[in-house]
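Read-outs: derived from the displayed coordinates by stated rules, not from any lab. Predicted model, so just to flag it, every value in this text is computed and none were measured. Cβ atoms come from the backbone with ideal geometry, glycine included; neighbour counts cover every protein chain shown.
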Amino acid sequence: NKLDTLYRQVIMDHYKNPRNRGEVDGETLKVDMNNPTCGDRIQLQMKVEDGKIAEAKFNGEGCSISLSSASMMTQAVKGLPVEDALRMSALFSDMMLGKEIDPAGLDLGDLEALQGVQKFPARIKCATLAWKAMEQGLEEEK
Ligand code: FES
Ligand code: FES
């Protein structure tokens, strides 16, 4: 249907024109995470300042779902307080489980485009890879 087509276009746009791909200058949180089911890996770099994610960039190799999700994730969390970024990650996990989610003021940006992934359980790990990296990085920061 039309919505699926639109979502597919949004995913492909992030895959072909990734936002925030590259390296963050200076002192950063670095997380290297792999998807055990396929061996693909991404490297996430973040800078946290005054309790907010000031910068987030990624590099790595993966499928269109994992890389578009990394692109959307960095776009969505940049500028957010750490607790909001973690809340968004929890919302995204719920979305992947097919649960009804309440963003409660958080701007999910392009993330909704990935909701169809829940129908393909083997790909959920692709979609959550960058989010797990973000969570791990913020945990290490504490
Ligand atoms: Fe199979 Fe990602 S691990 S599609
Ligand atoms: Fe490897 Fe999707 S197939 S991250």
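A few points about this structure:
- Summing Lys and Arg as +1 and Asp and Glu as -1 over all other residues whose Cβ lies under 9 Å from the Cβ of residue 54 gives a net charge of 0.
- Against the chain, whose longest principal axis comes from its Cα atoms, helix 64-77 is set at around 50 degrees.
- Principal-axis analysis of the Cα atoms of the chain puts helix 82-96 at an angle of about 20° to the longest axis.
- Remark: the residue 100-residue 4 segment gains 32.7 nm on full extension, using 0.36 nm per residue and subtracting the alpha carbon distance.
- Helix 2-16 and the longest principal axis of the C-alpha atoms of the chain enclose an angle of approximately 40°.
- For segment 2-141, the relative contact order works out to 28 percent when only alpha carbon pairs closer than 8 Å and six or more residues apart are counted.
- Taking only Cα atoms of the chain, radius of gyration then Dmax in Å: 14.1, 46
- In this label model, residue 64 and residue 140 are separated by 3.1 nm, measuring between points 7 Å along each Cα→Cβ vector.
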